[in-house]
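S.K.: I have a structure I would like to understand better, so I am pasting it below and will then ask my questions one at a time.
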Amino acid sequence: MTGKPYDSIKPIIWQDDALQLLDQRLLPAEYTYITLTDVKSVAQAITDMVVRGAPAIGITAAYGIVIAARQRFAENPENWQQAIDTDLQTLAQSRPTAVNLFWAIDLMREVIKGLAVDDPVPALLSLAQQVHEDDIAANVKMGELGAQLIAEKCAVLTHCNAGALATGGYGTALGVIRSAFADNKISRVYADETRPWLQGARLTAWEMVHDDIPVSILVEGAAAHMIKTSQAGDQPIRWIIVGSDRIASNGDVANKIGTYALAVLARYHGIKFMVAAPTTTIDMNIAGGDEIPIEERSTEEVLGCSGHPVAAQGAQARNPAFDVTPAELVDAIVTEKGVVLNPDSEKIKALMSNV
Ligand code: MRU
């Protein structure tokens, strides 16, 4: 790997027995960590988008459970394993779509069940740190595998932020982009601004500038025009590369609202659509995308912009935060365990049998 160290952007840090989260609501204007020492604040930070992105939410929950165990054990060393159940539920209610959250909670719950009555913190902390490290390693692997799919130098388009900030570090979609850029296969990244939270304009663009990768921000509505008109130029957009919050067992992909529209565009214009996500994002318990719970957030986020009201007073709004792209529109799902081309149930089952 060339360029800057891959782990220089750290959204989540465990330090001095506390969880520190880079406050992503303030980026890029301010680079500020907030310190969390109780589980309710951790859940609230996930709901409020201090930390966001499926893998990052899962890792944060794992550390949140360490904090909860410390408190419950101090209060009642005999009964902490029962008492912590409320905390697991609080964390599980923080956001509904990213399955990494539930994956991390289930993993920690299983270990909690098997722990003796000794201080649980060392074992749980070590597991949370392992989850964190494994996620970074998975991203680096996906970066390599995804970059190999890009045959010739081109521009790419990405949506939302599936970067270091959305994960333990390095990123899923942006991991592929980092790796492909290092291999001289990417001339430019187009980043959809991603209303209403502007993860593209604020976070993806910031990560790309940080790594000296040429980036142009687009309003969502510009994607179709840019894809069409770029084909005749010297920087054609050949790939759309995104992350995912949950992939159903048939390969349907939930990701930030607007992703589905991009997949339709990609197919219409004959360009490729890649989803980079760790196997912790694959939900084998659901048959298809219709079963994925789609978070509907406050309408205030749509009726205003960065906290300022902009819409006509009296107008209502809808604010689905995610959509589902059918597997048939996905050219490749890139995981740390391998690449699935033209995904379907059989191929996803084969991939997951190696996990
Ligand atoms: O609402 P957000 O910012 O949590 O949504 C994040 C996304 O949709 C990401 O694309 C997805 O979680 C993949 S992150 C590697």
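S.K.: Quick check: anything in the range 286-294 farther than 13 Å from S244 by Cα, within 16 Å of the ligand (Cβ to nearest atom) and either modelled with pLDDT of 95 or more or not assigned by TED's automatic domain parsing to the domain that holds G53 (or both)?
M.R.: yes
S.K.: Is it the case, given these coordinates, that V215 is in the same structural domain as R188 (by TED's automatic domain parsing), more than 19 Å from the chain's Cα centre (by Cα) and buried (at least 16 other Cβ atoms within 10 Å of the Cβ)?
M.R.: Criteria met by V215.
S.K.: Got a number for residues in the range 209-252 being hydrophobic (A, V, I, L, M, F, W, C) and without any contact (Cβ under 8 Å) to a residue 24 or more places away in the chain?
M.R.: 3
S.K.: Quick one: what pairs do we get from the range 186-201, first residue over 19 Å from P214 (Cβ atoms), second within 11 Å of the ligand (Cβ to nearest atom) and modelled with pLDDT under 95, C-beta under 6 Å, 6+ apart or different chains?
M.R.: Once the first residue is over 19 Å from P214 (Cβ atoms) and sits in the range 186-201, no partner that is within 11 Å of the ligand (Cβ to nearest atom) and modelled with pLDDT under 95 comes close enough.
Yes/no per residue for (1) assigned by TED's automatic domain parsing to the domain that holds T279; (2) away from the ligand (no atom under 16 Å from the Cβ); (3) surrounded by 17 or more Cβ atoms within 10 Å (Cβ to Cβ):
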| residue | (1), (2), (3) |
| --- | --- |
| D23 | no, no, yes |
| L27 | no, no, yes |
| Y31 | no, yes, no |
| L36 | no, yes, yes |
| K40 | no, yes, no |
| A54 | no, no, yes |
| I67 | no, yes, yes |
| A74 | no, yes, no |
| W80 | no, yes, yes |
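S.K.: Among the listed residues A68, A61, which satisfies the condition of being over 28 Å from G175 (Cα atoms) and assigned to a helix (DSSP H, G or I)?
M.R.: A68
S.K.: Scan the range 17-41 residue by residue and report those that are within 25 Å of Q89 (Cα to Cα) and either touching a residue at least 60 places away in the same chain (Cβ under 8 Å) or in a strand (DSSP E or B) (or both).
M.R.: Answer for the range 17-41, where residues must be within 25 Å of Q89 (Cα to Cα) and either touching a residue at least 60 places away in the same chain (Cβ under 8 Å) or in a strand (DSSP E or B) (or both): A18, L19, Q20, L21, L22, Q24, I34, T35, L36.
The values are calculated or read from the model by the stated rules, or taken from the named source; none is laboratory data. Keep in mind the model is a prediction, meaning the values are calculated, not measured. Cβ coordinates were reconstructed from backbone atoms using ideal geometry, including for glycine residues, and neighbour counts include every protein chain displayed.
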